2 protein chains.
Amino acid sequence: MWLKRVMIIPLLLAAAQAAAPPAHSGPPRTPTELIAAAPASAWREIPADDLMVIELKGGGLVIVQLAPAFAPVHVANIKALARASYWDGAAIYRVQDNYVAQWGNNESEKPFPAGVVANPPAEYHRSLAGLQVRELPYRDGYEPKAGYALGWPMAYDPQAGTANLVHCYATVGVGRGLTDTGSGGELYAIIGNAPRQLDRNIAIVGRVVEGIERLSSLPRGTEALGFYKERSMDVPIASVRLASQLPPAQQPRFEYMDTAGATFGDYVRLRANRKDDFYIRPAGGVEICNAPVPVRRKPGGERG
Amino acid sequence: MWLKRVMIIPLLLAAAQAAAPPAHSGPPRTPTELIAAAPASAWREIPADDLMVIELKGGGLVIVQLAPAFAPVHVANIKALARASYWDGAAIYRVQDNYVAQWGNNESEKPFPAGVVANPPAEYHRSLAGLQVRELPYRDGYEPKAGYALGWPMAYDPQAGTANLVHCYATVGVGRGLTDTGSGGELYAIIGNAPRQLDRNIAIVGRVVEGIERLSSLPRGTEALGFYKERSMDVPIASVRLASQLPPAQQPRFEYMDTAGATFGDYVRLRANRKDDFYIRPAGGVEICNAPVPVRRKPGGERG
């Protein structure tokens, strides 16, 4: 009686799972089908230098795509820290339910390597100029406009001429204190409902493209703000490297769907108008964080 | 250097943590301060018959507030199932990242006790008539209007005269197959970004008011849709009871903030306009799922 496999149709996560090709003829009816059927030309490879590979000591990878076009100084800091092995022996020390997992060297005051800008500018938004924007054709709850550029979800203000990345599930940002802008040494990933109130208040530097579930399923910290009570509860990080530092054969390869392309436009429309065997009433709209840019391992495997 | 305790101000969860009273004079500056300072008259107790207490075999409670005003037949089913101990020995058998945790008796086809309606009506929305609605004074991404009534977040359509509960973090709904409406035997809770596309496509019956982190931190299932691969991976449930079935001294007591009251109006405005020691740029708006109704253990403890 219980049709186990059809109860509740799945959300497509940013790191799209390999999906079976459509079993029916005709155009794709679901985002999953559309992604599976998307032509190679709909995808853009992520540069190896923009992929940060976090290896947990207990096993497993968390892979982050960095966004140098939106927070260049913070991202340059993060790359310098990765190249200097700054996070070898670091840990995840804060996991707050429906909010963030946070990692770094915490209160150790480990010195930064040369080349790290200690006090970066407040890269909380950038100029809208130079961005080819695909406007989200539906209502979003925040700021004048929402849309996509360069493969990223963002909000923007045509009057002010500014654009900013947005806090969605799996977004990665830079921890900061009350009066500074954060250097990049302490990072967080969103593991709950999109906390859009943080937009334009903190530097966003990327998104988790693989392994977010390794962060979101961690035990929650019981101290205020989700900090672990004892350092023994910290989740140790073995190493953090840019993919470009790895031997070519070991470099993970990812691609995102070109947000300027026609396929992506179809994808957003499908996200907003689910109507298939399960869905009876299409929503007729979708908030920006509920239509994440598809990202996947590049078919064909590793480099080299 | 790292101001550990001030990095990223926390979201207030539905089950508000006990908060220290404001350390400053003047009106509350944050939702946390406002909740801590709210007068007793701002709160409404949840009837014991609307609280469902799920005890996990490994220890720990997950407590659900049921919403009989929105899905009366489904909720009556759920209450009948709890009273008949239908879920003793049930399990959580599906955990899909950024989506749902689902529990019940899965494919066992355990027979229902007398009084359970096998095929309830499609309680995916109700009449707007009779609801005292507080409209969300900000833009939301879905349906004509968003607001609150009877302590619940909802969307509504004044033209059609309908209202429906919405899929936010910790919302509880009824698993169903492709063509039925679900009986209430298999339930799910949202553990990720609000999947609003499910609204009006499935029966929502309540929300987790305590222990959602016991679901959201579970290992993710590796099968399609997040089902656990082996039954040995299931997370066993010891028992499910209504609070009203427990001895008075053991009944948990909860209260929610009256969504028709002035305090709640202040709360929503503060959620939309964070401006304090940390926040520099208030969002100026908030989506309905990002302003959850505060729910807490009733101060003064257990009954009896």
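When you go through (1) surrounded by fewer than 19 Cβ atoms within 10 Å (Cβ to Cβ); (2) more than 8 Å from chain A (Cβ to nearest Cβ) one by one for residue B:209, which number turns out not to apply?
With (1) surrounded by fewer than 19 Cβ atoms within 10 Å (Cβ to Cβ); (2) more than 8 Å from chain A (Cβ to nearest Cβ) applied to residue B:209, the lone miss is (1).
Condition (residue is in contact (Cβ under 8 Å) with a residue 24 or more places away in the chain and at positive phi) applied to segment A:100-108: is it met by at least one residue? It would help to see each step written out before you state the result.
Filtering segment A:100-108 for residues in contact (Cβ under 8 Å) with a residue 24 or more places away in the chain gives A:100-106.
This time we only want the ones that are at positive phi, so: A:104, A:106.
The answer is yes; a qualifying residue exists.
Read through the list (1) of a type in the set (S, T, N, Q); (2) at pLDDT 95 or above; (3) out of contact with any Cys (no Cβ under 9 Å at 6 or more places or on another chain), then give the number of the only condition that residue B:179 fails.
(2)
Need the failing condition index for residue A:97 against (1) closer than 30 Å to residue B:289 by Cβ; (2) out of contact with any strand residue (DSSP E or B) (no Cβ under 7 Å at 6 or more places or on another chain); (3) surrounded by fewer than 20 Cβ atoms within 10 Å (Cβ to Cβ), just the number.
Failing condition for residue A:97: (3).
Assess whether residue B:133 counts as being within 26 Å of residue B:87 (Cβ to Cβ) and of a type in the set (Val, Ile, Thr). Walk me through it before giving the result.
Values: within 26 Å of residue B:87 (Cβ to Cβ): no; of a type in the set (Val, Ile, Thr): yes.
For residue B:133, the condition - within 26 Å of residue B:87 (Cβ to Cβ) and of a type in the set (Val, Ile, Thr) - is not met.
Of (1) buried (at least 20 other Cβ atoms within 10 Å of the Cβ); (2) more than 30 Å from residue B:224 (Cβ to Cβ); (3) of a type in the set (Gly, Ala, Ser), residue B:85 satisfies all except one. Which?
Result: residue B:85 fails condition (1) only.
When the residues of segment B:161-183 are narrowed to those that are closer than 15 Å to residue A:281 by Cα and without any contact (Cβ under 8 Å) to a residue 12 or more places away in the chain, which ends up surrounded by the most Cβ atoms within 10 Å (Cβ to Cβ)?
B:178
Does residue A:194 satisfy the criteria of being part of a loop (DSSP other than H, G, I, E, B) and within 20 Å of the chain's Cα centre (by Cα)?
Working: part of a loop (DSSP other than H, G, I, E, B): yes; within 20 Å of the chain's Cα centre (by Cα): yes.
Yes; evaluated as a whole, the condition is true for this residue.
Every residue in segment B:152-165 that is in a loop (DSSP other than H, G, I, E, B) and either out of contact with any Ser or Thr (no Cβ under 7 Å at 6 or more places or on another chain) or not assigned by TED's automatic domain parsing to the domain that holds residue B:123 (or both), please. Give the steps one after another, and end with the answer.
Here is the first cut: in segment B:152-165, the ones in a loop (DSSP other than H, G, I, E, B) are B:158-161.
Answer for segment B:152-165, where residues must be in a loop (DSSP other than H, G, I, E, B) and either out of contact with any Ser or Thr (no Cβ under 7 Å at 6 or more places or on another chain) or not assigned by TED's automatic domain parsing to the domain that holds residue B:123 (or both): B:158, B:159, B:160.
Of the residues A:100, A:133, which is within 30 Å of residue A:262 (Cα to Cα), modelled with pLDDT of 95 or more and not acidic (Asp, Glu)? Walk me through it before giving the result.
Details: A:100 fails: within 30 Å of residue A:262 (Cα to Cα).
Testing whether each residue is within 30 Å of residue A:262 (Cα to Cα), modelled with pLDDT of 95 or more and not acidic (Asp, Glu) leaves just A:133.
So which residues in segment A:64-103 are within 30 Å of residue B:209 (Cβ to Cβ) and of a type in the set (S, T, N, Q), if there are any at all?
Of everything in segment A:64-103, those that are within 30 Å of residue B:209 (Cβ to Cβ) and of a type in the set (S, T, N, Q) turn out to be A:96, A:98, A:102.
State whether the residues of segment A:101-123 include one that is assigned to a loop (DSSP other than H, G, I, E, B) and of a type in the set (Val, Ile, Thr). Give the steps one after another, and end with the answer.
Here is the first cut: in segment A:101-123, the residues assigned to a loop (DSSP other than H, G, I, E, B) are A:105, A:109-123.
Right, trim to of a type in the set (Val, Ile, Thr) and you get A:116-117.
Checked against the condition, which is being assigned to a loop (DSSP other than H, G, I, E, B) and of a type in the set (Val, Ile, Thr), segment A:101-123 yields at least one hit.
Before we move on, is residue A:282 over 22 Å from residue A:132 (Cβ atoms), away from chain B (no Cβ under 13 Å) and either of a type in the set (Phe, Trp, Tyr) or touching a Lys or Arg at 6+ places or on another chain (Cβ under 8 Å) (or both)?
Working: over 22 Å from residue A:132 (Cβ atoms): yes; away from chain B (no Cβ under 13 Å): no; either of a type in the set (Phe, Trp, Tyr) or touching a Lys or Arg at 6+ places or on another chain (Cβ under 8 Å) (or both): yes.
Against the criterion (over 22 Å from residue A:132 (Cβ atoms), away from chain B (no Cβ under 13 Å) and either of a type in the set (Phe, Trp, Tyr) or touching a Lys or Arg at 6+ places or on another chain (Cβ under 8 Å) (or both)), residue A:282 does not qualify.
If I ask for residues that are in contact with a Leu (Cβ under 6 Å, 6 or more places away or on another chain) and closer than 26 Å to residue B:220 by Cα, which ones from segment B:136-171 would you list?
Scanning segment B:136-171 gives a single hit, B:167.
Is it the case, given these coordinates, that residue A:90 is surrounded by fewer than 22 Cβ atoms within 10 Å (Cβ to Cβ), over 23 Å from residue A:261 (Cβ atoms) and within 21 Å of the chain's Cα centre (by Cα)?
It is false that residue A:90 is surrounded by fewer than 22 Cβ atoms within 10 Å (Cβ to Cβ), over 23 Å from residue A:261 (Cβ atoms) and within 21 Å of the chain's Cα centre (by Cα).
Give me the pairs: first residue in segment B:124-145 and within 12 Å of chain A (Cβ to nearest Cβ) and on the phi > 0 side of the Ramachandran plot, second residue among the polar types (S, T, N, Q) and surrounded by 13 or more Cβ atoms within 10 Å (Cβ to Cβ), beta-carbon distance under 9 Å, and six or more apart or on different chains, which are they?
Pairs found: B:143/B:164.
Kindly evaluate residue A:176 against the criterion of being facing chain B (nearest Cβ under 7 Å) and basic (Lys, Arg). Even if it seems obvious, please write down each step before you answer.
On the way: facing chain B (nearest Cβ under 7 Å): yes; basic (Lys, Arg): yes.
It is true that residue A:176 is facing chain B (nearest Cβ under 7 Å) and basic (Lys, Arg).
Being surrounded by 16 or more Cβ atoms within 10 Å (Cβ to Cβ) and not in a loop (DSSP other than H, G, I, E, B) is the filter here, so list the residues in segment B:135-151 that pass it.
Those that are surrounded by 16 or more Cβ atoms within 10 Å (Cβ to Cβ) and not in a loop (DSSP other than H, G, I, E, B): B:145, B:146, B:147, B:148, B:149.
Go through the residues of segment B:147-155 one by one and say whether even a single one is aromatic (Phe, Trp, Tyr) and in contact with a Phe, Trp or Tyr (Cβ under 9 Å, 6 or more places away or on another chain).
Checking segment B:147-155: at least one residue is aromatic (Phe, Trp, Tyr) and in contact with a Phe, Trp or Tyr (Cβ under 9 Å, 6 or more places away or on another chain).
Of all residues in segment B:217-253, count the ones that are among the small types (Gly, Ala, Ser), more than 25 Å from residue B:293 (Cα to Cα) and part of a helix (DSSP H, G or I). Can you show your working first?
Within segment B:217-253, the first condition is being among the small types (Gly, Ala, Ser), and the residues that meet it are B:217, B:221, B:224, B:226, B:232, B:238-239, B:243-244, B:249.
Right, trim to more than 25 Å from residue B:293 (Cα to Cα) and you get B:221, B:224, B:226, B:232, B:238-239, B:249.
Now restrict to residues that are part of a helix (DSSP H, G or I): B:224, B:226, B:232, B:249.
Within segment B:217-253, residues that are among the small types (Gly, Ala, Ser), more than 25 Å from residue B:293 (Cα to Cα) and part of a helix (DSSP H, G or I) number 4.
What are the residue pairs meeting all of these: first residue in segment B:31-60, first residue charged (D, E, K, R), second residue modelled with pLDDT under 95, Cβ atoms under 8 Å, and 6 or more apart or on different chains?
B:33/B:19; B:33/B:21; B:33/B:22
Do any residues in segment B:184-196 that are facing chain A (nearest Cβ under 9 Å) have Cβ atoms under 8 Å from those of residues that are in a strand (DSSP E or B) and aromatic (Phe, Trp, Tyr), where the two are at least six apart or on different chains, and which pairs are they?
Cβ pairs passing all conditions: B:186/B:103; B:188/B:103.
Out of all the residues in segment A:27-41, is one or more more than 10 Å from chain B (Cβ to nearest Cβ), at pLDDT below 95 and surrounded by fewer than 19 Cβ atoms within 10 Å (Cβ to Cβ)?
Yes, that holds for at least one residue.
Conditions (1) surrounded by fewer than 23 Cβ atoms within 10 Å (Cβ to Cβ); (2) among the hydrophobic types (A, V, I, L, M, F, W, C); (3) more than 18 Å from the chain's Cα centre (by Cα); (4) not in a helix (DSSP H, G or I), marked per residue:
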residue	(1), (2), (3), (4)
B:255	yes, no, no, yes
B:263	yes, no, yes, no
B:269	yes, no, yes, no
B:275	yes, no, yes, yes
B:278	yes, yes, yes, yes
B:281	yes, no, yes, yes
B:285	yes, no, yes, yes
B:293	yes, yes, no, yes
B:300	yes, no, yes, yes
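Give the residues of segment A:58-80 that are within 14 Å of another protein chain (Cβ to nearest Cβ) and buried (at least 24 other Cβ atoms within 10 Å of the Cβ), sorted by residue number.
Quick first cut of segment A:58-80, residues within 14 Å of another protein chain (Cβ to nearest Cβ) only: A:58-60, A:62.
If the condition is that a residue be within 14 Å of another protein chain (Cβ to nearest Cβ) and buried (at least 24 other Cβ atoms within 10 Å of the Cβ), then A:62 is the only one that fits.
The values are calculated or read from the model by the stated rules, or taken from the named source; none is laboratory data. Fair warning: this is a prediction, and the values are worked out from it, not measured in the lab. Here Cβ is always computed from backbone atoms with ideal geometry, including for glycine, and neighbour counts include all displayed protein chains.
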